[in-house]
Amino acid sequence: EKILILFLECLAKDNKNCEPNNCDDKGKAITATVRPLLIRKRDMDKIQDKVRSLGPSAEQYLDMALSDAMRFNLPELRLRRFNVEATALIHTEDIFNAYQAILAPPFVNSVADALSAAYQAFRPVLMEEFGTDPFTNLRNTWAYLHNGGIVSQQRYIYYQYFYDYLDDIIQAYREFREKGLEAMGLCCPDERLFPRHLMLSRALPGENDGSYRHFFAPSPLFSRFHGTFSMLLLLFRRLVAMVNNLELPPGLGTGPNTMTPIKAIPSKLGPYVLSEKAIPYYYLPNPLYRFWDHQKSRQNKAQHNLGYRANSWNNTDDFVLNPLRYDLEPNNFLRIEGHIGQPFTSVMNVLLSLKNRYRLPIEVVALKTGRASGNIPLPQGLEDCQFQDLEALYDSLKEELLCNLCEAVQYFYNTPTQDGQPTGVQLRPNLPLLVNCAPNYQYRPGTVGELYERNLSLLSTFPYPDLNQNAPNPVAGAYNLLLLILQSGNVPSTFIYHILYIYYIVKLSETLPPNLSQLNFADFENKYEDLMAIVRQINNILQLQTPGNTGPGQLDVDELSDQLDHLLYTCKLDPIRSVHVEYQRRLQEIRDKLLFYRFAQQHPGLQHKAGVPLGGTFCIVYHDAEREEIPPTVEGSFVISGRVVSDGEPIIGASVSVVGASFGATTNINGQFQLYVNQLPVRVGVALAGIRNREWLITTANITHELDISGEIAGPVGQPFPELRPGQVIADFYLPYLCCSDCQPVQFVLPKPPPGFAWRQAGCTTPNNTAPVIITPEGGTAPYQYTTDAGQSWQNLGDGPIDIADGASIRIRDAEGTESGTQQIGLVPFFNIDPGGPVCNEEGTQFTVPIIIVGGKPPYTVIANDTVTTVQEGEEGAVTFPSGTGGEVIVQDSSDPACERRAVIEPHDCPQACLLPCAGLAMDCGYLLWLQPFKNEDTFYMNVDLAVRRFRVSGENANGGSMVNSNFTSEQLRELTRILNPAGDITMPNFHQEWQVRIGAANDFINQVLAEDFGPQAGAVMKWEYVPEGLNGFSVLRIEAYACHTFDIQIIVNYRDRYERPYRRQVRYTSNVGTTTEVSYTGLDGNQLNASSKIPAFNCIRRDRCNPNTPEEPLCTDPVALEMAYDSAFPQLFVSISSPSGLDYPVHWEFELGSPPIGSGLNSNTDLPEPGIYEVKAVAVNPENTCASVARENITTQQ
């Protein structure tokens, strides 16, 4: 590979010194020749390395040369024009797809790569502030522009601004690059850099990247390097800020339903650098505005930059905040922003207002996407241009038909109802048809006219009866009307059809409006055919009647037949139909021209630059969801009833109108409205000050439609962009000329609406039901006045609130005297609160006070004790305070500003709740101890060995918690056995002391184990107490446990008596069941015998542990007497109970040294070992009241 260089060849030749006449030294002759040479690249690299080693001055030049090479080779970026080559842009998605086609990956990535290349080219200048490439990851950052992210993030409505954004980046890049080429210079370069050679380029074509070329290095003195450097740095800062500060959608401090201000900002179009243009609104303004224009920033006038968000950097200079007020000559373009996403009707109103207010030399056109043009609103004044001939034809046909109808009505009015000519004072009719068509006509009493006028109010309000025109008897459809006329009692049956004729003639005349545009042809045709059907039927009947007047009060058949024939052959239906059809055709032709794709075909010069040049036409494009299923159009007279709400609350004073029509209604105090239309479906729009306009498709009139303006309206199912709403502006374009029509320039001036107003309550309603109300006029010409007394007096309407009573009727009028409709003021009811009494919680730690809220605007905010709660309408508020405290309660409603009421809650002490199980109720019952004492001190128990085999307690936990099953483990049973087991002899003298100590220790251990399962809050789950001889000689074990708990305790005692006879006694204690005792022993005959006894728990006491001061409640209130008797003949022992006969109470026997030692039942027996005196005792228990009775005897036995 070779490098082309220019080599300076110098040849020195000595001059001859000696000449014939002079021998002086003549020196040398040097011949310099510039020769193009080729040198190998590797040799050139060695030379360059030698040059670089010359020192810093040489390095600076080489670095500058390399940077210059990169600067000169930076890529050239160009943005494709929209929709070139041209395609049919019919639907909204076609427009979006056309933008997306430009934002393709190769193009977006080329812009990102160019920015990185620009940084590398100017890195020596930029590296002090930008140490690394700020565009390193830009490809990934911008990937959403081409990978579907715009759609998935639902930002597709800003497609045109993403296109504009890249256009701005390219313009900023171009300005930076071109300014950078001027930023070259080197102070005192090393003279040894190129003593004899200059590099030109690589030898092979197509490989010249500037790396093998010596560039000219001008002196900074001539290149003004310092000023250019500062400008270059600022332009790069702007480029970085633009990349990092895109904000789509723009954060303008507005919500989804509020109107974004629309502004026209003077700017420039054409061969101007970006610095001279206005700052777009889709950038965060700070810090971008400080870098936008180097000249302004250098002069410390960055705040003079123009832009949509100028108030973010300048709030003092009016020529910046309101630039349209000042000279537009320095600018040739208006940048229009803020309209994307808004309803096109609102956008048109604002743009036309700006045009007229600031006398802007532009036109504005609204174009709709899709193919359906039927719902496009037409410009005002079309009749004067397009329909003059049709209006003239319609006026002629209408007046001719009205004349015929008027003559027929006069004939019927003059028909006498009595024999002879009518007499009396002539009267003027009140029938509107006659008042308008024959203002001088008068009728006499005793005529059909008198009959009709007498029933005029009744006939005017009767619902129109449609006829079956093809039926054999069409008049049958009007029988209800005929019956009503007859029931009135003042119309003879002879003339009832005269009344019917007049009625249908009048109804037909009412379908003929002054202008062709107002004609409801379907209604006109239907009523025309109804009248003709009646005329034909009655005329056929009359042909069968005898001619002439047949008598007093009878009909003149001939004359009536002639009048009916005249009506029958009027034949005005078809001519009026022809005029109507031609009118509709022309309307459709005009609407078709306002479809975007049709307009673009007629005006191929449409372009997009986010604005319009002066002298041009600004075209906004709005979305039409024509893909939604719209039923076929049905013509007729329909009443649309509905209610406008926001989150369920009625909206008062909202303007409701049919899109494209000039009529509408205003919602009343309940948010209700009614619209009268002549076809379905129609699109109904709702407008309210400060709220984005909304539209709904109404397809039926037989229901009440609820129009909720609180949320977004989703698009029809199946649309590519379902969030778009019909009528929403999605793009804008411009034509470089004023748009014109075939007739005269179409002036898009929306019909001037009559003055209206919205009102809102601006303060709280007083107890007298008055409140300050702010009235906001809409439309009309300022200043305004208002009246609340039906126009008897008018007051000037200012900006401040006025005091108005609830239910007052108010209307306004503008400076031209045009009055609005009347609205009834419905104030928010008077707001008040009523705190109730305190209610403590179960734990007694806090109390709640109910707050009854009446009036005001829900929902309500209740503030108390550092807690904020929301209360909905119809609900009761509540505040909670700790027991023993109180505080202030503040309740606010949702009015703006909020109404507030305060109340002081006095401190209240709550009784502390009981957290014990079973609500603290416990049962303390007696059980017979496993061994019983006897009075004979010689009696004793030998080798006593006690073992606890089972110990279970089950029941709820503290505070009504979960169920607990406490089952002692083997280890715990062994420990309890160790505590209770005497493991030795027990004599009568130490009997009580022995068990007193052991049972007390056992009680402590039992509660320790149960506390682990039930927790400390449950308290003492079970209490054991030993009562020596607590039952008249019986030792008692009292067990106290919670009433809802159950327990099961099993103890086995092995012992010997003084005769060393072995015994095994098993004792089982259960709750509410009693005690079971079983004894096994070896008798005197050597056989093993068994005896058992079972008695309920006795002498129970109910205790309320939650309320210690509550007296105990003994269950035993009526004990019985127990007597014992001995029958030595058998021998047997008997007990008798002083209770009603038949009661079989459980009885337990204890026999001192008996065989067996225990017994049961009312009688029992035992064997005593030897003659002597033995103690016998028995206890009987009443199961119903747990009362225990004891009988004791000393039995003497002999040989």
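Nothing in this text is a laboratory measurement; each read-out follows from the coordinates by a stated rule. All values derive from a computational prediction rather than experimental measurement. All Cβ positions, glycine included, derive from the backbone under ideal geometry; neighbour counts span all protein chains shown.
Structure values in brief
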| quantity | calculated |
| --- | --- |
| Estimated inter-spin distance, Asp318 and Asn539, nm [label 7 Å along Cα→Cβ] | 7.5 nm |
| Separation between Cα centres of region 68-143 and region 407-464, rounded to whole Å | 83 Å |
| Dimensions in Å of the chain - Rg and Dmax from alpha carbons | 55.4, 199 |
| Spin-label pair Ala808/Glu937, simplified geometry with 7 Å Cα→Cβ offset, distance in nm | 11.0 nm |
| Residues in region 640-658 reached by a label modelled at Leu484 [backbone nitrogen below 15 Å; 7 Å Cα→Cβ] | none |
| With Cα atoms, 0 to 90° folded angle of helix 92-102 axis to the chain main axis | 80 degrees |
| Set Lys2/Lys50; Lys268/Lys301; Lys2/Lys46; Lys398/Lys593; Lys263/Lys296 screened for pairs whose C-alpha atoms are more than 25 Å apart | Lys398/Lys593 |
| The chain - mean residue ellipticity at 222 nm from DSSP helices (-39,500 (n - 2.57) per run, n ≥ 4, rounded to 500) | -8000 deg cm²/dmol |
| Gain in span if fully extended, Trp794 to Asp133, counting 0.36 nm per residue against the direct Cα distance | 230.9 nm |
| Dipole of region 888-955 [Lys/Arg +1, Asp/Glu -1 at C-beta], most positive-end residue of Val953, Asn936, Pro897 | Asn936 |
| For region 836-899, size of Cβ-based charge dipole, Lys and Arg +1, Asp and Glu -1, in debye | 100 debye |
| Cβ-based charge dipole, the chain, positive-most Cα from Thr977, Ser312, Leu126 | Leu126 |
| 0 to 90° range, to nearest 10: angle between helix 225-244 axis and the chain longest Cα axis | 50 degrees |
| Low-density loop positions, GluC sites (Glu not before Pro), region 421-518 - DSSP coil, at most 15 other Cβ in 10 Å | Glu510 |
| Label-point gap, in nm, between Asn332 and Asn670 - each point 7 angstrom along Cα→Cβ | 6.3 nm |
| Cβ-defined net charge surrounding Pro1111, 14 Å radius [Lys, Arg +1; Asp, Glu -1] | -1 |
| Counted charge near Leu166, where neighbours are those whose Cβ lies closer than 12 Å (Asp, Glu -1; Lys, Arg +1) | -1 |
| Rounded FRET efficiency, nearest 0.05, which uses the C-beta distance separating Leu11 from Asp45 and R0 of 30 Å | 0.55 |
| Charge dipole magnitude, Cβ of K and R +1, D and E -1 - the chain, Cα centre, debye nearest 20 | 5820 debye |
| FRET efficiency, 1/(1 + (r/R0)^6) with R0 60 Å, evaluated for Ser954 and Glu1170 via beta carbons | 0.80 |
| Region 1029-1067 versus region 573-617: alpha-carbon centroid distance in Å | 110 Å |
| Segment Thr885-Ala143, extension gain: residue separation times 0.36 nm, minus the distance between their alpha carbons | 260.9 nm |
| Positive minus negative residues near Leu306 (Lys, Arg vs Asp, Glu; Cβ under 11 Å) | +3 |
| Length-normalised contact order of the chain in % [C-alpha pairs under 8 Å, at least 6 apart] | 6 percent |
| Qualifying GluC sites (Glu not before Pro) for region 935-1031 [loop in DSSP, other Cβ within 10 Å: at most 16] | Glu937 |
| Beta bridges by DSSP in the chain, antiparallel share as percent, to the nearest 5 | 95 percent |
| Relative exposure of Met1124, Met1022, judged by other C-beta atoms within 10 Å (fewest first) | Met1124, Met1022 |
| Order by protection proxy (mean Cβ within 10 Å, highest first), peptides 1093-1106, 99-112 | 1093-1106, 99-112 |
| Förster radius 22 Å - calculated FRET efficiency between Glu407 and Asn440, Cβ distance, rounded to 0.05 | 0.95 |
| Peptide ranges 455-461, 343-349, 940-946 listed from the most packed, as the mean C-beta count within 10 angstrom indicates | 343-349, 940-946, 455-461 |
| Lys/Arg +1, Asp/Glu -1 at C-beta; the chain dipole; positive extreme among Leu235, Val1120, Asn140 | Leu235 |
| Electrostatic dipole magnitude of region 756-821 [Cβ: Lys, Arg +1; Asp, Glu -1; Cα centre; debye, to 20] | 100 debye |
| Between helix 56-72 and the chain: long-axis angle, C-alpha atoms, 0 to 90°, nearest 10 | 80 degrees |
| Potential extension, Asp866-Glu819 segment - 0.36 nm per residue separation minus Cα distance | 11.8 nm |
| Eligible lysines near Lys16 by straight Cα distance, threshold 30 Å, same-chain separation 8 or greater | Lys26, Lys28 |
